[in-house]
Amino acid sequence: MTTPDGTQIYYKDWGTGPVVMFSHGWPLNADSWEAQMLFLANKGFRCIAHDRRGHGRSTQTWHGNEMDTYADDLAALITALDVKDVTLIGFSTGGGEVARYIGRHGTSRVKQVVLVAAVPPFMLKTADNPDGVPIEVFDGIRAGSLADRSQLYRDLDAIDVPALVIHGDDDQVVPFAVGGKASAARIRNAKLVVYPGAPHGITDTHKDQLSNDLLAFLTA
């Protein structure tokens, strides 16, 4: 799929049935969702996952490597495939992408949302956010999600469809207190599922549990 600015976005489109779209974490690609995609495709769902620009097999662009463009690329893919009643699932940075998509494009094509170990509204440790991540962790990392704290809160507030938030309580990359716990508290009527002792990469470490939790949510 080619976006309006000429970027080529690689994607996988497996199975038939209700549409589930997956957004991967940094610096991964669509392959990181294969376990969940295979599981759900065999359960009667159409599973779509793309490589974000600058990642995997998509164009390695110099510009547009921030949340607004990521969200617009996702919107371009949804439009190109003309899918509706979509369940959007985002892991880590992909969770921020999903939230920003809704903040910019609304939920007219979205049925429900799942945030898995997703980046929160605000990760940085400050006096009023003592459970956050120390600034040293972010040194050398281009973290667009920190550039506009208020916008990320507005993105979460815009989620007006059923939402599932999944997070490990031993996540050392996106701490639970400022990640899943904060996001679930912000989203109206969100369901929070906590994986005790689980790290950040639960798409791999807890792939069977995650696959079954996703199926339960999709079929509820």
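The values are calculated or read from the model by the stated rules, or taken from the named source; none is laboratory data. These numbers come from a predicted model, not from an experiment. So basically every Cβ, Gly included, is an ideal-geometry build from the backbone, and we count neighbours across all protein chains shown.
Wholly within the range 1-107, which strands (runs of 3 or more DSSP E) include no fewer than the required count, namely at least 1 residues that are hydroxyl-bearing (Ser, Thr, Tyr) and buried (at least 17 other Cβ atoms within 10 Å of the Cβ)?
Working: elements: 11-14, 19-23, 46-50, 86-91.
By residue number, 11-14, 19-23, 86-91.
Taking residues in the range 12-35 that are farther than 20 Å from residue 73 by Cα, and partners anywhere that are of a type in the set (D, E, K, R) and part of a helix (DSSP H, G or I), the pairs with Cβ atoms closer than 7 Å and at least 6 places apart or on different chains are 35/207.
Being part of a loop (DSSP other than H, G, I, E, B) and closer than 30 Å to residue 215 by Cβ is the filter; apply it to the range 114-138 and report the residue that is modelled with the highest pLDDT. Steps first, answer last, please.
Start the filter on the range 114-138 by keeping residues that are part of a loop (DSSP other than H, G, I, E, B), which leaves 117-123, 125, 127-128, 130-132, 134.
Pick out the ones that are also closer than 30 Å to residue 215 by Cβ and you get 117-121, 123.
Numbers: 117: 95, 118: 92, 119: 83, 120: 65, 121: 59, 123: 65.
Here the answer is 117.
Residue pairs whose Cβ atoms lie under 6 Å apart, separated by 6 or more positions or on different chains, with the first residue in the range 180-201 and under 19 Å from residue 162 (Cβ atoms) and in contact (Cβ under 8 Å) with a residue 60 or more places away in the chain and the second of a type in the set (Phe, Trp, Tyr) and in a loop (DSSP other than H, G, I, E, B), do not occur.
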